[in-house]
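**Q** Got a structure for you, written out below as C-alpha cells; questions coming shortly.
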Amino acid sequence: MEKFLKHGGVPTSEQKELADLNGNQKIDRFDWVALQKLLEGKIQQKDLPLLLGDVNGDKTVNTLDATLAEKMLAGSGEWNEVQKLQADTNANKRIDKHNINLIMNVAAEIITQPELPLEPGDFDDNDQIKSDDVIIVMKYLDPVNKPTSKEILYGDMNLNGKFDQPDLDQINKMLTKYTIEDPCMVPPTN
C-alpha cells in the first residue's frame, strides 16, 4: 500500500479491492490509517468497509453523526476505534472541527461520502499538501475569483466561510509539515 500512496503506483483491481478499506473505490490516506488499526488489532475485519462520517454506524451520514463527533471532540462519552476512525473524515488521526464540518457538508449533500477523506488544504486531492495547493489558495485571495462550496471546504482552514490570509498561513504551515515528515504515511511496525 505504501507504494501506491507515496509513489503513485497503479494497483491491480484485486489489490485495489483488498486495500480499499472504506469502499470508496480508491486507495487513500484513510485506507493506510485503517490498515494500521487492523494490524494493531484495534479494529476487526468484520468492521470493514468503514463508512467515513458514519459515527453511529447506521450506514448513513447525517447531522446525528456530526453531533456525535462534537461529543467526541469535547471528550464526552466512550468511543470505540471504529467510531473514532469513521469520525476522522480527513484521515489525520485526530478528531477536530474540520471533521465535524465535513460530516455536516456530507449531510447537506455539498459533497458526497465517497469523496472522503477530504483533507483541508489538499486542493488537488493527492493526499499531500504541496506548493500547488498554496498557489490555488493564493488565487482565491483575490476577491474576483469565486471558489465553489467544495473549494471552500478544502481551503477555509479557520472555518469562517471564506479564504483569507490566515487560511494561506495555515496551509503554508501544513506544507512545511508534509515536507519534513507525514506520520500517517509511515509504514506500521510489528
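No lab work stands behind these numbers, since they all come straight from the coordinates. Predicted model, so just to flag it, every value in this text is computed and none were measured. We place every Cβ from the backbone using ideal geometry, glycine too, and count neighbours over all the protein chains shown.
**Q** Please list 3J(HN,Hα) in residue order for the stretch 138-153, calculated via the Karplus relation 6.51 cos²θ - 1.76 cosθ + 1.60 where θ = phi - 60°; whole Hz, with x for glycine and proline.
**A** Calculated HN-Hα couplings, in order: 4, 4, 7, 5, 7, x, 5, 8, 9, x, 6, 4, 5, 5, 5, 4 Hz.
**Q** So, one more: Points 7 angstrom from Cα along the Cβ direction at residue 25 and residue 110: gap in nanometres?
**A** Going by the 7 Å Cα→Cβ label model, 2.4 nm.
**Q** Another question about this same structure. In degrees from 0 to 90, rounded to the nearest 10, what is the angle of the helix 29-39 Cα long axis to the longest principal axis of the chain?
**A** Here the helix axis deviates by roughly 30 degrees.
**Q** Alpha carbon centre of the stretch 54-89 versus the stretch 140-159: separation in Å?
**A** Comparing the Cα centres of the stretch 54-89 and the stretch 140-159, I get a distance of 26 Å.
**Q** Moving on to the next point. Once amide H atoms are built 1.01 Å from N in the peptide plane, which residues 5 or more positions from residue 116, or in another chain, come under 5 Å H to H?
**A** Hits under the 5 Å cutoff: none.
**Q** Based on Cβ point charges of +1 for Lys and Arg and -1 for Asp and Glu, what charge dipole magnitude is obtained for the chain about its Cα centre, in debye rounded to the nearest 20? It would help to have the intermediate numbers written out before the result.
**A** Working: 21 positive and 33 negative charges, 43 e Å.
With only Lys, Arg, Asp and Glu charged at Cβ, the dipole is about 200 debye.
**Q** To make sure I understand, if each residue's beta carbon is the centre and we count other beta carbons within 10 Å, what order do 52, 153, 85 fall in, fewest to most?
**A** 153, 85, 52
**Q** OK, next. Can you give me the angle between helix 63-73 and the longest principal axis of the chain, using Cα atoms only, in degrees from 0 to 90, rounded to the nearest 10?
**A** 90
**Q** Taking neighbour Cβ counts within 10 Å as the exposure measure, how do 18, 68 sort from fewest upward?
**A** 18, 68
**Q** Here is a follow-up. If you rank 130, 162 by fewest surrounding Cβ atoms within 10 Å, what's the result?
**A** In order of increasing Cβ crowding within 10 Å: 162, 130.
**Q** Work out how much length residue 145 to residue 73 would gain on full extension: take 0.36 nm times their residue separation and subtract the Cα-Cα distance, in nm to one decimal.
**A** Extra length available between residue 145 and residue 73 comes to 22.5 nm.
**Q** Something else about it: Could you tell me which of rounded, prolate or oblate describes the chain, using a ≥ b ≥ c as the square roots of the eigenvalues of the alpha-carbon gyration tensor, with rounded for a/c under 1.5 and, failing that, prolate when a/b is larger than b/c and oblate otherwise?
**A** Taking the square roots of the gyration eigenvalues as a ≥ b ≥ c, the chain is oblate.
**Q** Separate question: For a Förster distance of 22 Å, can you work out the FRET efficiency between the beta-carbons of residue 18 and residue 124, rounded to the nearest 0.05?
**A** Efficiency, rounded to the nearest 0.05: 0.25.
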